[in-house]
Amino acid sequence: MRIVLVGPPGAGKGTQAAYLAKNLSVPHISTGDLFRANISQGTELGKQAKAFMDAGNLVPDEVTIAMALERMSQPDAVNGFLLDGFPRNVSQAEALDEALKREGLKLDAVLDLEVPEDEVVKRIAGRRICRNESAHVFHVTYSPPEVPGVCDHCGGELYQRDDDSEETVRTRLEVYHTQTEPIIDHYRAQGLVVTISALGKVTEVTERAMRALQGDQAA
Ligand SMILES: [Zn+2]
């Protein structure tokens, strides 16, 4: 199956992408991983991306598209892939459509993870990270530490990253609405969009997604 995963920040997209890719036996292709891999391997595209990032600029669509297409042409992606973080705007979606068409391929589904906006803010703004170890993550409501502000694992001080502040979350949601949501309409016109609720336990959301994708394919 060739799937694009979309959803606002805080929808648990990365986590779901990893589980779904495993269940579907297709590679999970995330733009974050693509950037890191191309840069660490010193590829031509990686060098171009790094130059933009070092200058504090966004990596242009052409570079991102080229990296994603190159990754999708690898042998392990012959039977499908799950894209996470790409396409993130309509022009990337159009480039993807054209590239797949050239290969005689098409997407099977665009899985849209839906989360109410207030829930997104609650999920992200409630995160607290340990100063000693960034893997020690808590949430003021969903997984609170035993003692407020103190890490259960190592006693370290818990803090809120700047990226997780409510103001930053609202800005990221705004970017999502203006840049990424239009791709849902773009794919809806192609009959590809499958929307599911991303509320509940991680495993419940994965099961919901699998049912929706399988139902969609059978239909
Ligand atoms: Zn800790």
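No lab work stands behind these numbers, since they all come straight from the coordinates. Since we're looking at a predicted model, the values are computed, not measured. All Cβ positions, glycine included, derive from the backbone under ideal geometry; neighbour counts span all protein chains shown.
With only Lys, Arg, Asp and Glu charged, each at its Cβ (+1 for the first two, -1 for the last two), find how big the charge dipole of the chain is about the Cα centre; round to the nearest 20 debye.
Here the chain has a charge dipole of around 400 debye.
For segment 75-119 and segment 161-217, what is the centre-to-centre distance using only Cα atoms, to the nearest Å?
Cα centroid to Cα centroid, the span is 12 Å.
In Å, the Kirkwood hydrodynamic radius of segment 34-130 over pairs of distinct alpha carbons?
Kirkwood hydrodynamic radius for segment 34-130: 15.7 Å.
Using only the alpha-carbon atoms, how far is helix 90-102 inclined from the longest principal axis of the chain? Give it as 0 to 90 degrees, nearest 10.
Orientation of helix 90-102: about 40 degrees from the principal axis.
Check the chain for me: any Cys whose beta-carbon has no other cysteine beta-carbon within less than 4.7 Å?
Unpaired cysteines in the chain: Cys154.
Would you compute, from DSSP H runs of 4+ residues alone, the mean residue ellipticity of the chain at 222 nm, taking -39500 (n - 2.57) per run and dividing by the full residue count, rounded to the nearest 500?
When only DSSP H runs of four or more count, the value is -14000 deg cm²/dmol.
Expressed as an acute angle from 0 to 90° and rounded to the nearest 10, what is the orientation of the C-alpha long axis of helix 202-218 relative to the principal long axis of the chain?
Taking the Cα atoms of the chain, the angle to 202-218 is about 20 degrees.
Measure nothing but the geometry: give the 0 to 90° angle between the long axis through the Cα atoms of 13-24 and the longest principal axis through the Cα atoms of the chain, rounded to 10°.
In the chain, helix 13-24 runs at an angle near 50 degrees to the longest axis.
Which of the trypsin sites (Lys or Arg not before Pro) found in segment 35-143 are loop residues per DSSP with 11 or fewer other Cβ atoms within 10 Å of their Cβ?
Listed in order of number, the matching sites are Lys106.
In a Debye calculation with equal point scatterers on the alpha-carbon sites of the chain and no solvent, what is log10 I(q)/I(0) at q = 0.15, 0.16 Å⁻¹?
Once normalised to I(0) and log-transformed, intensities are -1.09, -1.21.
Student exercise: in the chain, how many lysine pairs 8 or more apart or on different chains have Cα atoms under 21 Å apart?
Within the chain, the lysine pair count is 6.
Given a cut-off of 13 Å, what percent of all Cα-Cα pairs of segment 22-68 lie beyond it?
54 percent
Give me P(r) over segment 117-186, computed from all C-alpha to C-alpha distances, binned every 10 Å, as integer percentages.
It works out to 21, 40, 24, 12, 3, in whole percents.
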